[in-house]
Structure formats: structure tokens, C-alpha cells
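Since the structure comes first, as C-alpha cells, the remarks are kept for the end.
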Amino acid sequence: MRSQGSRVNAATESRSATSRGHRNAPLTREGRLRLCLRIDAGRPIAHVAAEAGLSRRYLAKWYARWRADGENGLLDHSSRPATSPARTAEDIADLVKALRRQTKHGPVRLAADLQRLHRVTLAPATVHRILVRRGLNRLRDLDPPTGEQLREVVRYQHDRVGDLVHVDMKKLGPNPERFSVLSR
């Protein structure tokens, strides 16, 4: 039986692994490795999946990745596609950028200008995505006469949630009433 202190340490340990879950979770890298080792020991995938409460297909996917890439195959993969063949060509995106800086028009009017002047058909939503990607989506960030970018956006990113915690502190002066209540 565990003592109260060990329960507190286990809770702290599970909270410190914010993105990984607790150390015995079945769907972390360590949990997937444990399941794959059970299959390697001779147990059928169907039995291991049933014991873990997972589908056979799901476990077979992780097992195939583990066999192909080792422990690196058990890491979560991004759902973003490796390539985007339908993405707008860079020369057209450069044209949108140049038109935005020249005219300072919004996406709807830029799409119409592209069609009228350059015979390029783009949806306004596509024009907007290009402007966002290039950092030109807000007119307030552009210099009115030249169209050049006024300021660079600064982002603070940290590896884990809670790495940067902001705390507001308010210093209060001495309150005589508070001290009189404490001395009673």
C-alpha cells in the first residue's frame, strides 16, 4: 500500500508531463512501446488491443510504425500534409503581395484586380490566406505612403504550457484597520 507522500509525488510527476500524459497512459510513446513489446513477446495483436481497450487496426498501425522506424516511429506525427499540391504558386503570391502594397485594397477587391489586370482567378479567401502568410493582412501594420511593413510581429513561444506565467502583483500600503483586527 502506498503512503500519502507517494501519492502526492505521483500526482506531481503526472502534472509535470503536461503534453505526454501520465507515465502509465496507454497512448503515450512509452505506453505504445509497452504494447508493441507485448506483441513481440508472442501475444496476438487482437488480445493486446482488447486488453488495452484499443481497436486492432489502431494498434496494428503503431506496431507497423514501430517495426519500420523503431522508437521514433512511436512519436506522434503532425496531421499536416507533407506537400500541398493545390497551394497557390509563389509568383502569384508575390503578385498579390505587390498589389496589396500598391493599392492597399482588401481581399475581395484584390481578387477582382487580379482577374481584371492579370487574368489570374483567385477566390477572396485564397487572397486573404496569402496576405496572412505574408504578414500583410492588417493595413495598420503597413506604412500608408510606401506600403512597407511598419513593425515585425514578435511572438513568445515556449516548449511547454505554463513555462511563462504572468502574475499581477498589487502592493497595498499599511492598513491600520487590518492591524487592529489582528491584535485583538
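The values are calculated or read from the model by the stated rules, or taken from the named source; none is laboratory data. Quick caveat, the model's predicted, so the values are computed rather than measured. Cβ sites come from the backbone with ideal geometry, for glycine too, and all protein chains shown count toward neighbours. We work out accessible area using only protein heavy atoms, side chains counted, and drop any ligands, DNA or RNA first. Shrake-Rupley method; radii C 1.70, N 1.55, O 1.52, S 1.80 Å.
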Could you tell me whether region 82-90 includes any residue that is out of contact with any Asp or Glu (no Cβ under 6 Å at 6 or more places or on another chain), modelled with pLDDT under 95 and either over 30 Å from Ile130 (Cα atoms) or surrounded by 12 or more Cβ atoms within 10 Å (Cβ to Cβ) (or both)? yes
Failed condition for Glu51, given (1) open to solvent by less than 40 Å² (accessible area, probe 1.4 Å); (2) over 23 Å from His77 (Cβ atoms); (3) modelled with pLDDT of 50 or more: (1)
Criterion: modelled with pLDDT of 95 or more, more than 19 Å from Thr28 (Cβ to Cβ), open to solvent by less than 90 Å² (accessible area, probe 1.4 Å) and in a helix (DSSP H, G or I) - qualifying residue of Ala93, Ala98: Ala93
Restrict the check to region 156-170 and report whether at least one residue is under 30 Å from Leu35 (Cβ atoms), exposed (fewer than 10 other Cβ atoms within 10 Å of the Cβ) and free of Cβ contacts under 8 Å to residues at least 24 places away in the same chain. yes
Please determine, by comparing only the residues of region 115-149 that are assigned to a helix (DSSP H, G or I) and closer than 14 Å to Ala89 by Cα, which one is most open to solvent (accessible area, probe 1.4 Å). Arg129
